[in-house]
Amino acid sequence: MRMYDIIDKKKRGQELTEQEIQYVIEGYVKEEIPDYQVAAWLMAIFFHGLSDHELVKMTEYMAKSGDMVDLSKIQGIKVDKHSTGGVGDKTTLVIAPIVAACGGKVAKMSGRGLGFTGGTIDKLESIPGFRTAIDDKEFYDIVNRTGLAVIGQSGEIAPADKKLYALRDVTATVDSIPLIATSIMSKKLAAGSDKILLDVTVGSGAFMKSKKDAIILAQKMVAIGEGAGRETKAILTNMDVPLGIAVGNEIEVVEAIQTLQGKGPKDFQEICEVFAANMLMLAKIANEKEAHERVKEVIANGSALQKFAEMVKTQGGDPEYIYHADKFEPAKYHQDFIAPQDGWVVKMDTEICGKTAVVLGAGRETKDSAIDPKAGIYFYKKTGDKVKAGETVATLCASDKEKLKGGVEYLKNGYFFGDQQVDPMK
Ligand code: URA
């Protein structure tokens, strides 16, 4: 087999065989095929796409390029949930305890913040003492005992994706829907769950800016999951505004606690309950009607919050912070962001909102920078909300005065005000 012939075949829009795909992925990981040939191949995929068969095979070989997590030591059906990324997305902190409180098993590997999107691991690590580096044996033991654990990626998950992503990043091939689908799903297949629930975000704070593209991405990821023998379901969610009110780390943990008590912001509470119910259905724990009832029940009777506190304790954190969220000290500096006119918030650039959080210190400016767990933003008013001149629409928080000033400047490009009411869902 020759890489030249495989590039040429894809360039002409022809379907590659499983052996050809295996040759490229394995050869690239072993550094037998150079970057420039793989870059040409990726560009050919960018223009011609991949058939469902190619998608499944490419994803499987990417997953198999590293460790394949074996969750068979955990009893029951394991359902994974994955979001394609967003701003204010703290859903795992709420959904995982709800599902575990209903008898489900959640063995979740999560990531850190990437670009303008936050990461579950950074949020959890803002709870004093919380450990996310846990070895496989302890991970399985905890999930068998308590029903849930959320840890950082251990071992080497899908190294082919790491190499391909780095190459895509510098060859203008990141924004290819089939390549995004293979990238995300390779990590999901390697993470070992039996079933996968996908949160495909759409809007100005998501990878997919249009609903049409989000639907195509969802269909491709479902085709990959099902083709690889894992039942997969996708739900589209709105990322044209930040999710919930809080965007940061500690302040998102506090909002997650409120949501586990049934007192979360309406949009966020609803999304968490819908996803938790769908996970229970996928895990065959409940039918549709029962699933929604059980989710409401464990929130109302306090057992979902108790599960979260139990998870925090098991992973080395202080559960008192979960029962008494006022133990989280606020950031040293705050500044309100004020509406400049009477009228409505007519648009938000959610990517700018996420980048503002990074400027404040809630995310990383460089790969190795430390994050400020207290930095973040409360978005009290969002697209479609009525405002009065001088009213506070958001509050920015930081531990560094200069960063606070920088954040306020940055957010000016994130909010748009006008005289006409708009429908936030359009
Ligand atoms: N997230 C991923 O993991 N991969 C992509 O290609 C895009 C978003």
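The values are calculated or read from the model by the stated rules, or taken from the named source; none is laboratory data. Not measured: the values here are computed from a predicted model. Cβ: placed from backbone, ideal geometry, glycine included. Neighbour counts: every protein chain shown.
Do we have any residue at all in the range 234-255 that's assigned by TED's automatic domain parsing to the domain that holds A300, buried (at least 24 other Cβ atoms within 10 Å of the Cβ), closer than 26 Å to A44 by Cβ and within 16 Å of the ligand (Cβ to nearest atom)? Checking the range 234-255: not a single residue is assigned by TED's automatic domain parsing to the domain that holds A300, buried (at least 24 other Cβ atoms within 10 Å of the Cβ), closer than 26 Å to A44 by Cβ and within 16 Å of the ligand (Cβ to nearest atom). Looking only at residues in the range 194-218 that are within 24 Å of I77 (Cβ to Cβ) and outside any strand (DSSP E or B), the one that is modelled with the highest pLDDT is A218. Candidates V359, V346: the one that is more than 24 Å from C272 (Cβ to Cβ) and in a helix (DSSP H, G or I) is V359. Would you check if G227 is in contact with a helix residue (DSSP H, G or I) (Cβ under 8 Å, 6 or more places away or on another chain), more than 30 Å from K73 (Cβ to Cβ) and away from the ligand (no atom under 15 Å from the Cβ)? No.
Scanning the range 59-71 for residues that are among the charged types (D, E, K, R) and part of a helix (DSSP H, G or I) turns up at least one hit. A search for C-beta distances below 7 Å between a residue of the range 112-124 that is among the charged types (D, E, K, R) and any residue that is not in a loop (DSSP other than H, G, I, E, B), counting only pairs 6+ apart in sequence or on different chains, returns R112/I121; R112/D122; K123/L93; K123/E252; K123/V253.
Filtered by the rule that a residue be touching a residue at least 60 places away in the same chain (Cβ under 8 Å) and among the hydrophobic types (A, V, I, L, M, F, W, C), the range 357-395 gives A357, V358, L360, A362, I371, A375, I377, F379. Against the condition modelled with pLDDT under 95, under 19 Å from the mean Cα position of the chain (by Cα) and assigned by TED's automatic domain parsing to the domain that holds E293, how does G76 come out, does it pass? Considered against the rule, which asks whether it is modelled with pLDDT under 95, under 19 Å from the mean Cα position of the chain (by Cα) and assigned by TED's automatic domain parsing to the domain that holds E293, G76 comes out as no. Among the criteria (1) among the polar types (S, T, N, Q); (2) in a loop (DSSP other than H, G, I, E, B); (3) crowded, with 21+ Cβ neighbours inside 10 Å, the one Q75 does not fulfil is (3).
For the range 335-350, check the following and say yes or no: at least one residue is farther than 30 Å from G104 by Cα, surrounded by 23 or more Cβ atoms within 10 Å (Cβ to Cβ) and within 25 Å of the chain's Cα centre (by Cα). So far as the range 335-350 goes, yes, one or more of its residues are farther than 30 Å from G104 by Cα, surrounded by 23 or more Cβ atoms within 10 Å (Cβ to Cβ) and within 25 Å of the chain's Cα centre (by Cα). Close contacts from the range 211-228, counting a first residue that is within 19 Å of H53 (Cα to Cα) and a second that is basic (K, R), with Cβ to Cβ under 8 Å and a gap of 6+ residues or different chains, come to V222/K233; G225/K188. When V387, V346, V408, V393 are checked against the criterion of being among the β-branched types (V, I, T) and either modelled with pLDDT under 95 or in contact with a Gly (Cβ under 6 Å, 6 or more places away or on another chain) (or both), a single residue qualifies: V346.
Taking the range 257-318 and the helices (runs of 4 or more DSSP H) fully enclosed by it, no element has 3 or more residues that are among the small types (G, A, S) and crowded, with 23+ Cβ neighbours inside 10 Å.
Scanning the range 375-394 for residues that are of a type in the set (F, W, Y) and farther than 17 Å from K355 by Cα gives a single hit, Y380.
Might you let me know whether the range 81-91 holds any residue that is closer than 27 Å to L236 by Cβ and either in contact with a His (Cβ under 6 Å, 6 or more places away or on another chain) or part of a helix (DSSP H, G or I) (or both)? Yes, the range 81-91 contains at least one residue that is closer than 27 Å to L236 by Cβ and either in contact with a His (Cβ under 6 Å, 6 or more places away or on another chain) or part of a helix (DSSP H, G or I) (or both). On inspection, V56 qualifies as more than 12 Å from the chain's Cα centre (by Cα), more than 30 Å from A291 (Cα to Cα), more than 16 Å from the ligand (Cβ to nearest atom) and at pLDDT 95 or above.
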